[in-house]
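The values are calculated or read from the model by the stated rules, or taken from the named source; none is laboratory data. Remember, predicted model here, so these are calculated numbers, not experimental data. Reconstructed Cβ throughout: ideal geometry from the backbone, glycine too, with neighbour counts over all protein chains shown.
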Amino acid sequence: MVKAVNVSAKHRPARARLFLVSLFLLIGCAGLAAQQQLNRRPDNRTVRYGDLFYAGAVVFPGEGSVQRVDVLMRVEYDFLVFVRSNASRPDSLFRAIAVFNVEAVNDRGKHVRFRLARDTVYAGDYEKTNTRRMSLARRITLSLEPGTYRLMVWVEDGESERKKEAVLSLQVPSGEGVLYSALPVEVDTAALAGGRLTAIGYGSSVHFAKPSWIALTQRSVREPEYSCRLYQVNEDGERVEAARWNPRPVRVFPSALKPDEKQALGYFLEPDSMMATVLFALPFTTQYPGQYELLWKISYLDGMDSLRTPVRVLWKDIPFSLRDLDMAVKMLALIAPEDTVDRIASGSPAEVRKKLYAFWKPRDPDPATPYNPALAVFYRRVDEAYFRFRSLTNQNGAKTDRGRIFILKGEPDEIQRNLLPDEPPEEIWVYRDLGRRYVFVDISRNGSYLLKRVEEL
């Protein structure tokens, strides 16, 4: 609760008192306006809530030697520029245009395919136009000969012409083997009963700390047995084995996955005696966010085959301060001694990340899972403090006195603000459970509140 306390000046003429109060409010409004302007223009080097654009490619059997390649893309509304539309419907007051592009380049550097698609998306209110919780998905299908390709994938905003890009490496099989592709999917019992599956659609990602399902597309064979190895791919491209499984299929469908033209990420299971779609549940709930590679192997009555597929464990709403590894380590100075922070900060990015998660493990209420609520709460508070307490002189609010107390103690039960004509502004935070109040003073009158004293209740 925020409580404003007004204290009048004594022993002053009414006119002088009114003048001083008006002058103080004018200065305060100017400082507030400057503060809001800062909040509208965050430090883009640090503030990275997500990728905004995701892309992945999956191969399916085609006609003859030519295979079908589905490029699945998703762009979040926050990337697009929405403008007022001429529509009269209440759910279409704002519109944005996204242009999706896919270009295939073979291993000789020849541009062999190019396709684009233009979509218009509508929103009913302004809040929906500026969110990462809503997105637009699109599928573009290519027909490619067997070989190695680079797929240049990008989306352009129709209003601003800015764009987001991705480069995908793709191996298109000849069709002489058994395995084609592995597609991360959402499993809905009712949809599955109706012969439908939906791709996750965040590139080749599975969700962090959630059950993961993979739909393996293959030719029908007798007596198949499967094995799978998971490799973590570090920033330098090094592959380190993280797990190995002998997964058993949850369901086997004598069907091929065909695109659902009414749903960008949807597929339906079309009966096909020559093909099989095999559904697996893989225990990605034990893996930390990052880039991985799956090595599938199948042995069957007449032979064996293998398939490598990239996969990313994606923490979609990861705190931005945790995405920035340097910032994440530096913020530990609030709760760890300097030598501990220095030890965690040394080494390669992969080593630093490993030591960072290890630091938080003893504080995890459920150490059996990689998701650590204590870590998540700490860095979400860092995010909140970064914006909420920034000032004209310090754009990183997490490094201010108010930011430090907020990160360590959380949201106060009550905030009192004292505005005195002859004194700098005061802000008093009350924590009833702790039995304390923290008094901050804006000595410079520019929003840079300093902790003046701590009082017992």
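Identify the residue in segment 396-424 that is assigned to a strand (DSSP E or B) and not polar (S, T, N, Q) and, among all such residues, is farthest from the chain's Cα centre (by Cα). Break it down stepwise before answering.
Here is the first cut: in segment 396-424, the residues assigned to a strand (DSSP E or B) are 414-419.
With the extra rule that they be not polar (S, T, N, Q), the set shrinks to 414-415, 417, 419.
Details: E414: 32, I415: 32, R417: 36, L419: 40 Å.
Here the residue is L419.
Kindly provide the set of residues from segment 304-330 that are hydroxyl-bearing (S, T, Y), more than 18 Å from the chain's Cα centre (by Cα) and crowded, with 16+ Cβ neighbours inside 10 Å, ordered by number. Talk me through it step by step, then tell me what you get.
We begin by selecting, within segment 304-330, every residue hydroxyl-bearing (S, T, Y); these are 306, 309, 321.
Retained after the next criterion (residues that are more than 18 Å from the chain's Cα centre (by Cα)): 306, 309.
Within segment 304-330, T309 is the sole residue that qualifies.
Considering only segment 186-218, how many residues are part of a loop (DSSP other than H, G, I, E, B) and either of a type outside the set (A, V, I, L, M) or buried (at least 21 other Cβ atoms within 10 Å of the Cβ) (or both)?
From segment 186-218, those part of a loop (DSSP other than H, G, I, E, B) are 187-188, 194-195, 200-204, 208-211; that's our starting set.
Filter once more, keeping what is either of a type outside the set (A, V, I, L, M) or buried (at least 21 other Cβ atoms within 10 Å of the Cβ) (or both): 188, 194-195, 200-204, 208, 210-211.
Residues in segment 186-218 being part of a loop (DSSP other than H, G, I, E, B) and either of a type outside the set (A, V, I, L, M) or buried (at least 21 other Cβ atoms within 10 Å of the Cβ) (or both): 11 in total.
Spot the failing condition for G175; the list is (1) under 24 Å from R133 (Cβ atoms); (2) in a loop (DSSP other than H, G, I, E, B), and only one is missed.
G175 satisfies every listed condition except (1).
Those residues that are assigned to a loop (DSSP other than H, G, I, E, B), of a type in the set (G, A, S) and within 14 Å of E159 (Cα to Cα), I need them from segment 65-118; list them, please.
To start, the set of residues in segment 65-118 that are assigned to a loop (DSSP other than H, G, I, E, B) comprises 65-66, 80-82, 85-89, 93, 107-110.
Filter once more, so that each one left must be of a type in the set (G, A, S): 65, 85, 87-88, 109.
Answer for segment 65-118, where residues must be assigned to a loop (DSSP other than H, G, I, E, B), of a type in the set (G, A, S) and within 14 Å of E159 (Cα to Cα): just S85.
Return the only residue of R108, R95, R133 being out of contact with any Pro (no Cβ under 9 Å at 6 or more places or on another chain) and closer than 24 Å to L168 by Cα. Talk me through it step by step, then tell me what you get.
On the way: R95 fails: closer than 24 Å to L168 by Cα; R133 fails: closer than 24 Å to L168 by Cα.
None of the others qualify; the one that does is R108.
Among (1) of a type in the set (F, W, Y); (2) at pLDDT 95 or above; (3) out of contact with any Pro (no Cβ under 7 Å at 6 or more places or on another chain), where does Y431 come up short?
Only one criterion is unmet by Y431, namely (3).
Quick check on my filter: what residues within segment 430-456 are assigned to a strand (DSSP E or B) and in contact with a helix residue (DSSP H, G or I) (Cβ under 7 Å, 6 or more places away or on another chain)?
Going through segment 430-456, the residues assigned to a strand (DSSP E or B) turn out to be 430-431, 436-441, 450-456.
Across segment 430-456, the qualifying residues are Y431, Y438, F440, L450, L451.
Is it the case, given these coordinates, that V221 is part of a loop (DSSP other than H, G, I, E, B) and either of a type in the set (V, I, T) or outside the structural domain of P254 (by TED's automatic domain parsing) (or both)? Please lay out each step first, then the result.
Working: part of a loop (DSSP other than H, G, I, E, B): yes; either of a type in the set (V, I, T) or outside the structural domain of P254 (by TED's automatic domain parsing) (or both): yes.
Considered against the rule, which asks whether it is part of a loop (DSSP other than H, G, I, E, B) and either of a type in the set (V, I, T) or outside the structural domain of P254 (by TED's automatic domain parsing) (or both), V221 comes out as yes.
Being of a type in the set (G, A, S) and part of a strand (DSSP E or B) is the filter; apply it to segment 126-171 and report the residue that is nearest to the chain's Cα centre (by Cα).
Of the residues in segment 126-171, the ones of a type in the set (G, A, S) are 135, 137, 143, 147, 158, 160, 166, 169.
Add one more test, that the residue is part of a strand (DSSP E or B), and what stays is 135, 137, 143, 147, 166, 169.
Values: S135: 12, A137: 16, S143: 31, G147: 32, A166: 16, S169: 22 Å.
Out of the qualifying residues, it is S135.
Suppose we filter segment 425-450 for residues that are closer than 11 Å to I405 by Cβ and within 34 Å of the chain's Cα centre (by Cα); how many remain?
The qualifying residues number 3.
Does N418 satisfy the criteria of being closer than 24 Å to M331 by Cα and either crowded, with 17+ Cβ neighbours inside 10 Å or of a type outside the set (F, W, Y) (or both)?
no
Count, please, the residues in segment 217-274 that happen to be touching a Gly at 6+ places or on another chain (Cβ under 6 Å) and among the hydrophobic types (A, V, I, L, M, F, W, C).
Residues meeting the conditions: 3.
Quick check on segment 304-324: of everything there that is in a loop (DSSP other than H, G, I, E, B) and at pLDDT 90 or above, which residue is nearest to A57 (Cα to Cα)? Quick ask: steps written out before the conclusion?
Here is the first cut: in segment 304-324, the residues in a loop (DSSP other than H, G, I, E, B) are 315-319, 324.
Checking the rest, the ones that are also at pLDDT 90 or above come to 315, 318-319, 324.
Working: W315: 20, I318: 24, P319: 27, D324: 27 Å.
Going through the qualifying residues, I end up with W315.
Could you tell me which numbered condition A276 fails, if it satisfies all but one of (1) at pLDDT 95 or above; (2) surrounded by fewer than 15 Cβ atoms within 10 Å (Cβ to Cβ); (3) more than 28 Å from the chain's Cα centre (by Cα)?
Only one criterion in (1) at pLDDT 95 or above; (2) surrounded by fewer than 15 Cβ atoms within 10 Å (Cβ to Cβ); (3) more than 28 Å from the chain's Cα centre (by Cα) is unmet by A276, namely (2).
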